[in-house]
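*Asks:* A single structure is presented below for examination.
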Amino acid sequence: MPGGPIYGVPDIPSPLLSEILAPTVASCCAEDSLQSYASSESVGTVLTCSASSRIQANELRNRAVNLAQQLHLRAALPLLKAAVALAPASAKWYSDLGVTWMRLEEWPQAWAMFKRALILDPSDGIALRNREEFIGFAHRYPGARAAEKADLLDPPQRVPRRQEHRVMPLARHSSAPYGSWWNQAFVLEKNLSYFKSATEAVSVSEVLLGNFSTARADYYPGGLLHANVKPIVLPFSDAWCQLNAPEGVVAQAYLQLSLPHARWLTFLKAIGFRPPRFVSASGANAPSALPGGECVASLTEAGMRDEFELVARWHMIDVAGAAGAGMFLHADTLGTSSWHTQVRGRKRWHLCPGTKKPYHTNAEHLKNPQTQSYCGAAGIDTFDPDYRACPSFREANCFETILHPGETLYFPSNWWHQTVALDAGTVSVSGTLVTQGNGEIVANEIQDDCNGANRVIPAASTRLCAALRPCIQHWRRLEKPMTQQRGRRKSSVQNTTQTSLH
């Protein structure tokens, strides 16, 4: 990878990496600014926010440079684009964007950024030096030489790399499949009965801004392109405002909202959504959110249910402001299964089942086959795969699907997944499941956390861990020998009793 070009000196002291990668708590939007966007139906609409609601360009740029210096170059790009959108007259930030493109060996984009920087300020020393470095690389890299010769200010958009690993369409059903459905990934096709009729429906934006404007949301100003990108914690109305500001649209920003259990149910009721039957039916051995009356009672009596569901992100609302926003390739930490229902817009999914085959380069991941990592979280972009970084991924067997409004995706424990929004203003809701196929896995993961792993459950959460003991015991009893599943003529969804949390 080229190493000669340099980033400019920040206008303000650059925070330590530990500070950059830690969540930032902020509050910004004035109450009177809410009306300027509360009535907007489209999440993707560019809106005007109050000045106090905007993350400063310097902060975005400093976050980007810190990520780039740690070689998380793809994650740095959208933050630099957002900084340029906020300060389009800054030559040094165009130069920083060029450096990042250059380190990625995306030569036409890099040359164009250096050219723009020098149009703004022909005497900018750093931009001049970086352009000279580029010319030096042009003698060794044919792509750089071609970009210099073309001398384009607006190069054509790069075509994504071809997928060379096996990609199959994901199974689609009108109802949950028969047999051990919890071990399969599938899409439940659109079922309008999940939602209110069109005449009764209210916009998701009205529901969220009208009922949850002060709820704490995780805002990712440059999207979720790497595991080391941490959110800025904002009131939901502020995060919504920034998501739809010009810099949020350019940077393909992303936000996530987790709600306490009662407020989650309020949200579902307000948008007229009923989760699929395999999620919401009742009984003692349910593949539902927190199966088992003893588990729910223990958490509730200890006053720990909301804390657990929030720290474990048991329910989630995801909002992508612009097409192209999405989330990096990863597997869920606790080994749970997940369901995701698309509320607005379309989302493309790439899913790879968990496997013991080492599709990774980091030997540390070999120690635990359950966390098989496909070159590590965000180690490869499955929609634009660079097999040079992960050659063995060519052998992976994966699935793809496009989720449309009203459709629900389910996938089992330890499935790796990556998403990208195909439309502006996509909204989806998701939930976590413990099933007969992963009860032991989830129980062990949570026990490990309580024993000190602290990946999800904070350290010193002794009350929470005590309250979770009945859950762990119940989840370990969920798994049954597969021989008990043979010979069933009816769907296990109909025969399996489930626990309702409603």
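*Asks:* Expected output is a single nm value to one decimal: the length gained when fully extending between K230 and Q69, i.e. 0.36 nm times separation in residues minus the C-alpha distance. What is it?
*Replies:* Extra length from K230 to Q69 when fully extended: 56.4 nm.
*Asks:* Here's something else I'd like to know. Provide the FRET efficiency to the nearest 0.05 for the R348-L153 pair, computing r from the beta carbons and using R0 = 22 Å.
*Replies:* Using R0 = 22 Å, I get an efficiency of 0.10.
*Asks:* If you take all C-alpha pairs in the range 48-122, what percent of them are over 21 Å apart?
*Replies:* The calculated P(r) of the range 48-122 puts 24 percent of pairs beyond 21 Å.
*Asks:* Which value in nm describes the separation of the simple spin-label points at Q447 and E294, placed 7 Å from the Cα toward the beta carbon?
*Replies:* About 1.4 nm, to one decimal.
*Asks:* Quote to one decimal, in nm, the extra length available between E105 and T266 on full extension: 0.36 nm per residue of separation minus the C-alpha distance between them.
*Replies:* Gain on extension, E105 to T266, equals 53.1 nm.
*Asks:* For V311 and R162, what is the calculated FRET efficiency with R₀ set at 35 Å and r taken between the beta-carbons, to the nearest 0.05?
*Replies:* The calculated FRET efficiency here is 0.30.
*Asks:* Given K269/K347; K149/K347; K92/K230; K190/K230, which pairs have Cα atoms separated by over 32 Å?
*Replies:* The answer is K149/K347; K190/K230.
*Asks:* While we're here: Taking each pair of different alpha-carbon atoms in the range 72-167 once, compute 1/r for the pair, average those values, and report the inverse of that mean as the Kirkwood hydrodynamic radius in Å to one decimal.
*Replies:* That comes to 13.8 Å for the range 72-167.
*Asks:* When the scattering of the range 85-230 is computed by the Debye formula from its Cα atoms alone, each counted once and equally, what is log10 I(q)/I(0) at q = 0.16, 0.18 Å⁻¹?
*Replies:* For the range 85-230, the Cα-only Debye profile gives -0.96, -1.07.
*Asks:* So, how do all the Cα-to-Cα distances of the range 397-462 break down into 10 Å bins, in percent, from 0 on up?
*Replies:* For the range 397-462, the pair-distance distribution reads 15, 34, 30, 18, 2.
Computed from the coordinates by the stated procedures, all read-outs in this text should not be read as laboratory data. Not measured: the values here are computed from a predicted model. Virtual Cβ from ideal backbone geometry, glycine too; neighbours counted across all protein chains shown.
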